[in-house]
Amino acid sequence: MRLTDLLQLIDDLNLNTSFYLKITGKTMPWGKLTLAGEKCLLYPGQKALTKKKIVKLVGKMHGRGIPLIAVVAEKEYPLFGLQIVEDERKAILL
């Protein structure tokens, strides 16, 4: 999944929707976003980022067609999908 894809998919979500990463069957809060060359690296954290924070971080950035990669225990995992749990205001990147 690319950053532009994610932004399009979450466009209609509530600004307070929290984002999580699901890697090897384990769901964890998405806490940090870092741009590294041609990749957008997503790291787990103590507190989940919200849509409002994500849009603020990447909203005016150019070159948003870069791939999303989760980094857990220094290992990279490409992300391919998004699961929305609307009644919990939660989105999970897979």
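Annotations
- Put in line by how crowded their Cβ is, counting other Cβ atoms within 10 Å and starting with the fewest, 85, 71 read 85, 71.
- Order of 51, 32 under a 10 Å beta carbon neighbour criterion, fewest first: 32, 51
- Arranged from fewest to most other beta-carbon atoms within 10 Å of their beta carbon, 87, 11 become 87, 11.
- Average projected area [Cα convex hull, segment 3-93], square nanometres: 5.6
- The label point for residue 75 and the one for residue 94, both projected 7 Å from the Cα toward the Cβ, are 2.0 nm apart.
- Across the chain, C-alpha contacts under 8 Å between residues 6 or more apart give a mean separation that, scaled by the residue count, equals a relative contact order of 34 percent.
- The chain: calculated mean residue ellipticity at 222 nm from DSSP helix runs of at least 4, using -39500 (n - 2.57): -4000 deg cm²/dmol
- Fraction of antiparallel bridges per DSSP, the chain only, in percent to nearest 5: 75
- Computed about the Cα centre, the dipole magnitude for the chain is approximately 340 debye when only Lys and Arg (+1) and Asp and Glu (-1) carry charge, each at its Cβ.
- Taking 0.36 nm per residue of sequence separation and removing the Cα-Cα distance, the residue 8/residue 53 pair yields an extension gain of 14.6 nm.
Laboratory data are not the source of any read-out in this text; all were calculated from the coordinates shown. Not measured: the values here are computed from a predicted model. We place every Cβ from the backbone using ideal geometry, glycine too, and count neighbours over all the protein chains shown.
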